[in-house]
Each structure stands twice: as structure tokens, then as C-alpha cells.
Amino acid sequence: MEILKKLFSKWNSSSKEAVITQEQLSSLFTSRYHNYKLLIGANNKILEIISEMERLLTDEGFFYSSSYIKSKTTQLGVNVLRAIKNLDTMAPNKYTALYTAFGNIRKKLDDVLEIKIIETNSSNKSNYILSFKDVSRDNINDVGSKMAVLGEIYKFSDLLVPEGFVMTSYLHDQFMEYNEIKPEIDRLFQIHEKDKMDNIFKLSSAISKVIMAAKMPPSSVDEIYKAYQKLEESIGFGVMVSLRSSASFEDSIDNSFAGQYSSKLNISKEFIINAYKEVLASKYSPTAIAYRLNMGLWDEDISMCVGCMAMVDASAGGVIYTRNPLDNEDDSIIITSVFGLPTAVVDGTTSVDMFTVLRTNLEILKKDIPIKSHAIRLHKLDGLIKEELKPESAQLQSINDETVLELARIALKLEEYFLGISQDIEWALDKQGKIYILQCRPFKPVSAYKTNTVNDKYIDDIISKGGQRASSGIAAGSCYIVNKDAHILTFPDKAILIAPFAVPKLAALLGRAAAVITQEGSLVGHLASVAREYKVPAIFNIPNIMEIVKNGDEITIDADNLVIYRGIKDDLLAESRTSKNLMKGSPIERILQDVLQIIAPLNLLDPDSDEFQPERCQTYHDIIRFCHEKSVNELFAFGKLEKYSRHTCKELVSDLPLNYLIINLEDGFKREIKGRKVHLNDINSMPFLSLWDGLMAVAWNGPQHIDVGGFLSVVMRHNSGGDAVLSNQGSYENDNYVLLSSHFFSLTSRLGYHFCTIEALASERTLENYAGFYFKGGAADFQRRNLRIKFIGEILEHFQFNISLKGDSLRAKVNAFESSKLLIKIKILGYMLMHTRQLDMVMLNSSCVEEYRTKFITDIDSMIYS
């Protein structure tokens, strides 16, 4: 009666459960797989942006502004939210706490960016015009970077700057609003494709016409003429002026906009308004539009301010670089000069004189005086003229040595005033011998390519050369190989961490590790990000590092030159120094530091910990780490909760005494299968065929030395019930279900007392690829089952699987392998599926265990290397 009750209860329960059709299953898989791919794409973009932002704080030669930080933070927020939504689609309403965590983090970022940028740049948006005597870097938002710097020099130094005034960002904004130009520009941007330069030219022309036809706001013209009248009173009636662009973020340390906007030279009073509109229109020149698109800058972030300065009738002019722009280790002062206006230097239309000056004692080290073809001079009425130089003048120095040294002194003074940051200075020498500063902006010298960077003294001690720099620096110590979770617990202080993969869980060791070397990894991965945060040198992608070194070997790692030396090289360590960061201590750096503290730290390190919860996500990095881990789990769990209609399945014809029911998700078969049977040569799934190769690679007849205790434990467990499911070949419970597509399979298998799931995705997109293995149960007692699980885990760890053990269950997985390598891992899982049955009955026999360990490793090595 009890048996009948159980059977009836079971039939009644199963009959009420809804089954899913093949079409529904295929649709469900397609949706989940699609969202998984989108999430992985967002994950990669997020880690790439975080990595780029972190490099700004540590690497030499990187410069940035508040607009850059805001732009990157916005990109991060968009991609993090996208990842959350993708995960929510894969597992509806399961991880909704992520939205709350995201909102909290975004609120913190908004507070940092809004408050601190206002603190950095004060703004008084009420004046159309500001005189140079009222301009400094404190009101950079009103006058733009270029005029703010000139105003600073005008007010606080003894250097000469032409007198003038600035038409402010407030005037620009009022001009745009008064003529309702912004909506029209938005419309033009929408109707013009921007993927080709010809379309950009059409867009530029259309916008320029709108701006030139627009009217000036009421009273603005009067204020401009009043400012010009004051200039006349100071310099003289009818003074000629230059109008120079000074847009938001122009001449900033990361976005120079060099040559993108217009400057109008030698302009008379009656043409000032028209020239002003031409400079405004140059914001939408083809080059400026393309520049902003490429740099990821938003049009609405940029207001065009315009400086109006008394024109200098120059006998000579040019540009000074306070350091060699082509070599950041060369601090020589480079001075260029031509006859006439410096326009000829910046437009590249003639050869220029070049002087190299040693900064320590202001000695002229080198002169290069070519034949110059022409000079740009002021026209008597307005505008400019091009004057051909006479042969006897063309080969002369455009300035004498005394002027060269005076320019060098001015360059050093400006560089010192601007906190030692390299400066690009435009200057003009008037006919009375006075030097005027026309422009001064920071620039970033590039690193010159150096040869022979490897220390020849230790050439014979090089044990590895190459790989990928994930974090810069030099370190030394004893090697410690970490290829099992247990090794993490015994990792010694100041050791060199050697690992097969740059997995996130190794981040827990970075506070103790002197350096990190892995066989595989990515500089945008989690471990690389945290290594840079800890300033731990790291080299990834050295394929044979675990064969080159062993535990206890002393080595020196030079991550900058991608070289590893045998032994401790104390002199190399002494030479190691932190690269100078020219943004160090700036307000913008403090903003970046605060932003990174909210987005970059990784607190969720262990997916098996109780702390690995959405509520614990404190940073964007935490959220994407959680989403990535759970997305793999959700895809791995695909099909487990579904009930399949048996008539949608095809029975696989094979030599194995097992019943495999195949469900084709989309393109898992090579052709349409009419009957109930499907043959192996009809299967179109490479990962499943690799699994099958592993199943069939080595014959398995069960364990050879079953001990009496192990056998009796099986009998006792069978008679007592336990949690076993009685094996009955051909029963519904013991059917093995396989869901297939060309790049994916999910196998759910129950063999007697054993339950196993294997799932894999092997495509051309390496970062999306994974293989997972779940194994639980057994016929013997818990002690033997537990030992069997540990045995399986050790074998899989040996072959570079990440494992997690809990009781008598095991989870193992590999991620982000290229397809060919992943298929080998899947083949190993096939072997393990076939050969681990009944092993629990011999687990207390240590000699047998060691015999099987040797056999498994030998078999698998032979299988994958044959």
C-alpha cells in the first residue's frame, strides 16, 4: 500500500506540472543567451573604463579634466545599469536589490562630481564682458581655459600680456538662447549622419549659416563697444584687435583643441561683431565636430568664450616648449621663431628657427636656422599679408641670442608658476623689443622609444621575456605557486604569486604579495585592476611560467620591461622608482580619487561567501562582479527548472548503456530529424561532441578493487532509503537530458545515486566562453562520498578548473578560454563523467586512491595530447 501511495502521489504531482514545448524552450534559451552576451559586453567595457581611469593616477604622461571624469563616469553608469537589466531578464525579480545598490552608488557620484567641480571652478554668470584685470583661473567657467590663464598671467606676474577683455560664456549662452539656435543644432545633428567626413562638412556648413545669420542679444553690442572704447582710451584710437577662441575645456591638459577653432587677427572696430560670430561658428567647424566625437565630448558641455586683445605688431614670434615634447625625459627648453607674426609657426607654412636651451644654466645647446620663405605681417588697413623674405634676410636668425635666453627665462617662470607642468607658450616680440605672451597651455610630453632597456649585466639570468604588463613596477622575492584554494591559506608574506590564471579570488593576496605572474590573464580584468590599486607589479600571459619556476625560487620581476630574472637583483630594485604624475595634488586629481573610491574597489571576492549578496555591493566594480558571476550561474542553470515534453526529445543512438534524450534548441542538428532517433553524426554541437569524445576516449569497467566496507555502505544506504533514487535503466528519472545548439549544450544526468550537470558555451567570443560541471551524491556512506568529491576536485584543479566543494557536492568551471582550448576542457569533463562512478566505494583505500589519481592524470594527458 505504501508503494502504491508513493507511485500515485508521484504520478499525480507530475501530471499537474506544466511542460514546456521545444519552441518555448528554444525561445527561452535564445533570450537568456542573448542577455548573457550583452552582459559580458557591458562587463568588459566597465573593466576597460575603470582600468583606464586607474592608470591616470599611476602612469606618467596621462592628463585629464573634469569633463573627462564626468564622461567616463556616465559611461560606467550606463553600462552597469545595462548589466543589471540583462541579469534581471535572465532571472526575473531575483536580484532586484541591485537596483537599490546602483542608485546609492550613483547618488554618491553625483554628490562628488557636482559639489567638487563647483568648488574647483567658481562661476558668476551675469556679465557679457569681463576685463583682463578681472579674469583669473577662478572664473574659468566664465572665460574658458585660454583666457583664464592669460588673465592669471596678466594679474599676478610681471610678464606682458596684450590688454583686452573677454566675451563670456554667459554671452554665448544668451546668444544661443535668444536666437533659439540650440534646438536647430540638435535637429541638424539628428538629420546628418556623422560617420563620414563629407556629412560632417555638410553639418558644419548648415550650422555656420544659422549662427552667422543670428542677431546679438539686446544690449550686448553696446557692452562690447564700451569695452573696446576703454581699450582705445588705454592704447589709442582705432586700436586693432585679435579675437581668439577660449572654449570650455580648450587648452586643457587633456583636450587642447589645437587648431580646431578660429582666431581672427587685425580686426577693426566695425568688424568685431561679425568676427565674434565667426569664432562662435568655429565651434562647429568640421575638425572641431570630429574632434569632439572622437574624444567623447558632449556639444552642450562646451561654451565658446572669445578673447578680444590688442593686436601686437610683431617683428618676430613663435612657440616655446618648456620641455622636449617628443621625450618626457629630456627637460631642454625648445624655442621656435619666425619673422613677423607667430601664425607662420603654428600654421606650418614655413620653416622655423629652432633653439635648444639647457635649463640648468640657460646655455644655448643647439641652433637650427633654416632658410625661411616668408613672414606674416599686419596689413595697414586690416587683416594680414604674406610677405616674401629677401634672400639675405631669409637665412638670418629671426631673433638674437639675447632674446632666446630671455624667452627661456620666461618659459621657466611660467612653468614654475603653473606647478611644474610642461607649458606650450605662444609669444610675440614687438618692434620696441617687448615680449608679449599670447597663449600658455599645458601639454604632455610623450615617452621616447628607448632601446636596450634590459639590463645587460644580467642577460644570462633572464628566465622569461615578454607577456603583458598589467601593473607597473619592479619587485623581488620567493616564488609561491597558487593553483589550489588551499594554497591561498598558506601564501607567505612578500612572496611572488605564481598562478595559472588571473582569477579574482587571488586579489585577496595582493596585500601580501610582492608581485603577480600568471600564465593567462587580461589587463582589464578584476585582478589587474586591484593590482594597480595596490601598486603591485604584475605580468600576465607568460604561458610556461609554472614550468620555469618552482616554489622557493628567488626571482626579480621587471614589469615595465616585461623581464623576469633569476635571483634577487638589489641594484634593479634600488633603481625602481615611481613615475612622476604631473597631475599630482591637483583639484582634478582629488575628484578622480574620490570617484574611483566609489567605483573601483572590489569588495565581493568570494562567490561562495554569505557576503556575496547584492545588498553588499558598495561600488560599480562590486555590482559588475556580482552580475558576471550570477549570469554564468543562471546560464549554467538553464533547463534545470524546466519540465520537458518527452515527445519533443530525440533519443541518441549510441553504444553506451545510457538513455540520452536530445532537445534541439536551434541549430544543434545538421539536418531535420524526422523520427524519434538521432545519430551522433547528425549532431552539430562542437562542445557536446567534445564531451562525447571524452566519454568514449578510455573504456571504463568500474573500480577494480571494491572494498567490503564500501560495498556494505552501499547496501546499508540502499536499505535505509537515505536520499538515494533507485536506479532503473530506462525510467524517467534516469533519462539523461541534453539541450543542444551549435555552440552550447546542457547535460542533466542521473545515474543511480549520482546526479551530474555539465554545461558549456564555446563560441568565437572568447570572453563569453565557459564550461561548468556539477556533481553530487553517490551510493556509499557520506565519508566515502565526501572523499570522492575531493578526489574529483583535485583532478580538475590539476587541469586548471576552478572548484568549489560543499559536503558531497562539487562545482567546477572554467571561463574565458578560446574555443579550441575550451573544447579540451570539455573533453576532460566527459572523461570524468564516465570514470568517477562507483569510486566512492574505494575511497578509504589509500593505495587505490593514489593508483586512480595516477591513472586519471595519465589517461587525460594521453587523451588531450594525442
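The values are calculated or read from the model by the stated rules, or taken from the named source; none is laboratory data. Quick caveat, the model's predicted, so the values are computed rather than measured. Reconstructed Cβ throughout: ideal geometry from the backbone, glycine too, with neighbour counts over all protein chains shown. Surface accessibility is based on the protein's heavy atoms, side chains included, excluding ligands, DNA and RNA. Shrake-Rupley method; radii C 1.70, N 1.55, O 1.52, S 1.80 Å.
When region 1-42 is limited to residues that are of a type in the set (S, T, N, Q) and exposed (fewer than 10 other Cβ atoms within 10 Å of the Cβ), the one that is modelled with the lowest pLDDT turns out to be 15. Of everything in region 161-175, what is farther than 12 Å from residue 132 by Cα and surrounded by fewer than 21 Cβ atoms within 10 Å (Cβ to Cβ)? Give them in sequence order. If the condition is that a residue be farther than 12 Å from residue 132 by Cα and surrounded by fewer than 21 Cβ atoms within 10 Å (Cβ to Cβ), then 173, 174 are the ones that fit. The residues on offer are 677, 650, and the sole one that is modelled with pLDDT of 90 or more and of a type in the set (Lys, Arg) is 677. Consider region 514-529 and keep the residues that are out of contact with any Asp or Glu (no Cβ under 6 Å at 6 or more places or on another chain) and open to solvent by 10 Å² or more (accessible area, probe 1.4 Å). The one that is modelled with the highest pLDDT is 514.
Within the bounds of region 43-51, is there any residue that is among the small types (Gly, Ala, Ser) and at pLDDT below 80? No, every residue in region 43-51 fails to be among the small types (Gly, Ala, Ser) and at pLDDT below 80.
Scanning region 353-395 for residues being β-branched (Val, Ile, Thr) and touching a residue at least 40 places away in the same chain (Cβ under 8 Å) gives a total of 2.
A count restricted to region 230-239 and to residues that are open to solvent by 40 Å² or more (accessible area, probe 1.4 Å) and more than 15 Å from residue 128 (Cβ to Cβ) stands at 4.
Please determine whether any residue of region 807-821 is farther than 30 Å from residue 40 by Cα, in a helix (DSSP H, G or I) and either more than 33 Å from the chain's Cα centre (by Cα) or among the small types (Gly, Ala, Ser) (or both). The answer is no, given that none of the residues of region 807-821 is farther than 30 Å from residue 40 by Cα, in a helix (DSSP H, G or I) and either more than 33 Å from the chain's Cα centre (by Cα) or among the small types (Gly, Ala, Ser) (or both). Scan region 284-303 and tell me whether some residue there is open to solvent by less than 20 Å² (accessible area, probe 1.4 Å), in contact with a strand residue (DSSP E or B) (Cβ under 7 Å, 6 or more places away or on another chain) and at pLDDT 90 or above. No: zero hits.
A Cβ distance below 8 Å, combined with a sequence gap of six or more or placement on separate chains, defines the contacts here; from region 182-197, residues that are open to solvent by less than 70 Å² (accessible area, probe 1.4 Å) reach residues that are charged (D, E, K, R) and at pLDDT 75 or above in the pairs 192/202.
One line per residue, one yes/no per condition, for (1) at positive phi; (2) of a type outside the set (Asp, Glu); (3) modelled with pLDDT of 95 or more; (4) open to solvent by less than 20 Å² (accessible area, probe 1.4 Å):
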position: 378; (1), (2), (3), (4): no, yes, no, no
position: 382; (1), (2), (3), (4): no, no, no, no
position: 389; (1), (2), (3), (4): no, yes, no, no
position: 418; (1), (2), (3), (4): no, yes, no, yes
position: 441; (1), (2), (3), (4): no, yes, no, no
position: 448; (1), (2), (3), (4): no, yes, no, no
position: 451; (1), (2), (3), (4): no, yes, no, no
position: 457; (1), (2), (3), (4): no, yes, no, no
position: 460; (1), (2), (3), (4): no, no, no, no
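Can you confirm whether residue 479 is modelled with pLDDT of 75 or more and either closer than 30 Å to residue 148 by Cβ or part of a loop (DSSP other than H, G, I, E, B) (or both)? So residue 479 does not fit the description; no. As a summary of the residue check, residue 638 satisfies the conditions (1) modelled with pLDDT under 90; (2) assigned to a helix (DSSP H, G or I) except for the one numbered (2).
Scanning region 198-229 for residues that are part of a loop (DSSP other than H, G, I, E, B), over 18 Å from residue 264 (Cβ atoms) and open to solvent by 20 Å² or more (accessible area, probe 1.4 Å) yields 215, 218, 219. Pick from region 782-804 the residues that are among the aliphatic types (A, V, I, L, M) and part of a helix (DSSP H, G or I): which of them is modelled with the lowest pLDDT? It comes out as 787. All told, residue 820 meets the bar of being without any contact (Cβ under 8 Å) to a residue 24 or more places away in the chain and surrounded by fewer than 16 Cβ atoms within 10 Å (Cβ to Cβ).
Across region 104-139, the number of residues qualifying as assigned to a helix (DSSP H, G or I) and either at pLDDT 85 or above or surrounded by fewer than 16 Cβ atoms within 10 Å (Cβ to Cβ) (or both) comes to 16. Considering only residues of region 485-506 that are open to solvent by 40 Å² or more (accessible area, probe 1.4 Å) and within 29 Å of the chain's Cα centre (by Cα), which is farthest from residue 572 (Cα to Cα)? It comes out as 485.
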